[in-house]
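Please read the structure below before turning to the comments.
Values quoted throughout were computed directly from the atomic coordinates according to the rules given, and no laboratory measurement underlies them. Owing to the predicted nature of the structure, the values given are computational and were not obtained by experimental measurement. Note that we place each Cβ from the backbone using ideal geometry, even for glycine, and neighbour counts take in every protein chain shown.
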Amino acid sequence: MIDKAALHQTADRGIREVALALLATAEDTGSALTGSADALRAGAEGADDLLHDFRVAIRRLRSWLRAFKGPLSDALPKKQRRRLSAIVRDTNAARDAAVHVEWLKKNRRDLAAQRRAGYNWMHSRLQKRRMKGLDTAVAAAENFAAVAPKLRESLDLDDAKDVGSSPLFGIMLADVIGDAADKLKTRLAKIRRSNDIMRIHRARIAAKRLRYVVEPVAALGIDGQLIVDSLKSLQDSFGDLHDVHVFSAQLARASRKAAKKSDGGAPEDPQPGLVHIAHKLHARSEGLYATIAREWLGKAGDPFFEKVRVFASDLSR
């Protein structure tokens, strides 16, 4: 995305260069999503991939801008930041429903007949939520298309501060990465069990923010790509665990609703299947937590954080 020479320019210019590259990628993915809106609403394959690409691009941009909100405070109005935040939120429902639908498909095989009704009932609810969420996500991409030109204007390189009025990019970048790593380490230390939902959520966000500030400059320092790969693995595990928590909460609400309509053991009673889903989600949660604990909690994460320290030091040199 940028070369090592960028580390020696002013922080203001370096921050803007990366942000503009991330903005361009987000615009491309947003255009792909809105351009395929009719086909996606009709159930065409690829909807989830297009939505995923747009979400990741927006999150990368938003995380970068957030990491440097201090230096960019004069250039980037709070209104633009809030609109980016709202755009991300508007893609959540479709993404969550799509992930849960896929999980149901994979776990539906070889089910007993009495459990199949519950899976089918939940699948139908999630598909409706997914399609409704997709409309909201497409609208979010259209909203971003309107916001992007204003962001580009705010990030104009001609407005970057000159040498003397801004520290060097490499030095500020090292400080930001170090702070983000410290926050992740602190939040990991607070996790005690698989159902520490809020603590796990906060650690997941911290891992995401560290990854997205390292990723654009990973090639410029020692072991940068290894750090990104490790964070991606942690993010995937945390993301899967977060999905289990979200799905479990939705399942509990759906189960209460189904209980009101159930005939109490009728052939199409969804409750046996819903209970089975709950048990499988719990087992999945415990397995994911065991992996995270083994690889990251306690002293297990120390080698990773040492790599981050060396990487940040290399950038600042």
Quiz item: Does segment 143-223 come out rounded, prolate or oblate, given a ≥ b ≥ c as the square roots of the eigenvalues of its C-alpha gyration tensor, rounded meaning a/c under 1.5 and, failing that, prolate meaning a/b above b/c?
Solution: oblate
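Run the numbers on segment 167-317 and let me know its relative contact order in percent, using alpha-carbon pairs under 8 Å that are six or more apart. Can you show the working numbers first?
Working: 130 pairs, mean separation 58.0, N = 151.
RCO, segment 167-317: 38 percent.
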Quiz item: Within the set 185/257; 4/183; 106/208; 105/150; 78/132, which residue pairs have Cα atoms separated by over 32 Å?
Solution: 185/257; 105/150
Quiz item: By counting other Cβ atoms within 10 Å of each Cβ, how are 305, 311, 54 ranked from fewest to most?
Solution: 305, 311, 54
Quiz item: What ranking, highest mean first, results for peptides 125-134, 248-257 when packing means the other Cβ atoms within 10 Å averaged over each residue?
Solution: 125-134, 248-257
Quiz item: Helix 92-107 versus the longest principal axis of the chain: what angle, 0 to 90°, nearest 10, using Cα atoms?
Solution: 50 degrees
Quiz item: Once phi is turned into θ = phi - 60°, what whole-Hz ³J(HN,Hα) does the Karplus curve with 6.51, -1.76 and 1.60 give for every residue of segment 221-238, x standing for Gly and Pro?
Solution: x, 5, 6, x, 5, 4, 5, 4, 4, 5, 5, 5, 4, 5, 4, 5, 5, 5
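Output the relative contact order of segment 8-157, whole-number percent, from Cα pairs under 8 angstrom with separation of 6+ residues.
Numbers: 128 pairs, mean separation 56.2, N = 150.
This gives 37 percent for segment 8-157.
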Quiz item: Amide H of residue 168: which non-local residues (sequence gap of 5 or more, or other chain) have their own amide H closer than 5 Å, using H built in the peptide plane?
Solution: 11
Practice problem: First check a/c for segment 7-83, with a ≥ b ≥ c the square roots of the eigenvalues of its C-alpha gyration tensor; if it is under 1.5, answer rounded, and if not, answer prolate when a/b is larger than b/c or oblate otherwise. | Solution: prolate
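Relative to the compact globular guide of 2.2 N^0.38 Å, what is the alpha carbon radius of gyration of the chain, as a ratio? If you can, show how the numbers build up before the last one.
Values: Rg = 22.1 Å, N = 317, 2.2 N^0.38 = 19.6 Å.
Computed over Cα atoms of the chain, the ratio equals 1.13.
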Quiz item: So what's the angle, to the nearest 10 degrees on a 0 to 90 scale, between helix 47-67 and the longest Cα principal axis of the chain?
Solution: 40 degrees
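Translational diffusion coefficient of segment 165-317 at 25 °C, 0.890 mPa s, Stokes-Einstein with Kirkwood Rh over Cα pairs, in µm²/s as a whole number. Could the numbers behind the result be given before it?
Values: Rh = 17.5 Å.
Estimated via Stokes-Einstein, D reaches 140 µm²/s.
Can you classify segment 45-193 as rounded, prolate or oblate using the Cα gyration tensor, where a ≥ b ≥ c are the square roots of its eigenvalues, rounded means a/c under 1.5, and otherwise it's prolate if a/b beats b/c and oblate if not? Can you show the working numbers first?
Values: a/c = 3.78, a/b = 1.86, b/c = 2.03.
Oblate, because a/c is 1.5 or more while a/b does not exceed b/c.
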Practice problem: For a quick protection proxy, order the peptides 211-223, 188-200 by their average other-Cβ count within 10 Å, most packed first. | Solution: 211-223, 188-200
Quiz item: Considering the dipole of the chain built from charges on the beta carbon (Lys and Arg +1, Asp and Glu -1) around the Cα centre, which of 203, 247, 143 is farthest to its positive end?
Solution: 247
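By average Cβ neighbour count within 10 Å, what is the ranking of 287-299, 141-153 from highest down? Each step should come with its number before you reach the end.
Values: 287-299: 15.1, 141-153: 16.6.
Highest mean packing first, the order is 141-153, 287-299.
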Exercise. Rounded to the nearest 10 degrees, what's the angle between the helix 11-35 long axis and the longest principal axis of the chain, both from Cα atoms, 0 to 90?
Key: 30 degrees
